[in-house]
Number of protein chains: 2
Amino acid sequence: MAGDNSEERQVRKIVVAVDEGEESNHALSWCLKNVAAAGDTVVLLYAQPPRVVYSAMDGTGYLFSSDIIATMEKYSKEVADAVIQKATRTCSGAQNVKLETKVEKGDPRDVICETVENLGADMLVLGSHGYGVIKRAFLGSVSNHCAQNVKCPVLIVKSPKPQH
Amino acid sequence: MAGDNSEERQVRKIVVAVDEGEESNHALSWCLKNVAAAGDTVVLLYAQPPRVVYSAMDGTGYLFSSDIIATMEKYSKEVADAVIQKATRTCSGAQNVKLETKVEKGDPRDVICETVENLGADMLVLGSHGYGVIKRAFLGSVSNHCAQNVKCPVLIVKSPKPQH
């Protein structure tokens, strides 16, 4: 196509932060449809929340038994697997894009910024909330933090308005 | 190209907020190279700061003369013209993109959010600082505000690291 900018495009590495929420899945879909082009690498990144200290105690101050902790760890791993699987399915139509997946433990804000930096990513894509309403109350807005701290361009995609 | 996502792409309206700084020009270039595709409309939007009340007085509390005010208004218009001209030149290589320009008076945060809404834009692109370090001190971060208040996806592009 004459004058098509895509001829000038270089292959890029796009990190998409995915989580349990529908919003990050929407962000991924939007990116695949509107930004990702043939040859690009899309890295699906899930930040697995670390087991924080107080999670080893229940409300009464007793330590959880090792059984409970093992169950919690198993649950955490299952969530990570489910998130990555769902995101991978979302990418199934984009056969021209190279797909990588990455699960890293830690505060999502740190995990995302560090991964983008380490990979030398060309772009970061994420939902505007990031990591759910409850976690956001503790962590502050993940997207705000990343937009301020990541050097590469950051695309923040919000959930579309509810249709009902 | 088999499996090229661009076949699924619809024509989009992309608003790019431009200002006096190099960063917004970089954001525009990055958008043209990495996001804008054939048939898209790119709207170059410049928010012209309004003449605020206290600007009609000098430091001693005397009203500026009408001459001074006329000079200030002329300067403000010249800045707007220069910004739009520079941005238009940046777009000169992207012949497949439809170009529109828009100058609106007001607080850039309001102008950008309202214009994006009124145009039903599919995407907003802007630099991370927006409107200069000094104005940012007064206005807060334009990009943060827009990322929180605009419904469509927002792409924040930072200046590349200084090369020297």
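The values are calculated or read from the model by the stated rules, or taken from the named source; none is laboratory data. Computed from a prediction, not measured in an experiment: that's the story for all the values here. Please note: Cβ atoms are built from the backbone with ideal geometry, for glycine as well, and neighbour counts cover all protein chains shown.
Under the condition of being touching a helix residue (DSSP H, G or I) at 6+ places or on another chain (Cβ under 8 Å) and within 11 Å of chain B (Cβ to nearest Cβ), which residue from the range A:2-20 is modelled with the lowest pLDDT? Spell out how you get there, then give the answer.
In the first step, residues of the range A:2-20 are kept if they are touching a helix residue (DSSP H, G or I) at 6+ places or on another chain (Cβ under 8 Å); the result is A:5-6, A:8-9, A:12-20.
Remaining after also requiring within 11 Å of chain B (Cβ to nearest Cβ): A:5-6, A:8-9, A:12, A:14.
Working: A:N5: 50, A:S6: 47, A:E8: 56, A:R9: 64, A:R12: 95, A:I14: 98.
Once the filter is applied, the top-ranked residue is A:S6.
Please specify each residue of the range B:80-98 satisfying the condition of being surrounded by fewer than 16 Cβ atoms within 10 Å (Cβ to Cβ) and among the hydrophobic types (A, V, I, L, M, F, W, C). Scanning the range B:80-98 gives a single hit, B:A82. Listed by position, the helices (runs of 4 or more DSSP H) contained in the range A:81-164 that have at least 3 residues being at pLDDT below 85 and of a type in the set (A, V, I, L, M) are A:133-139.
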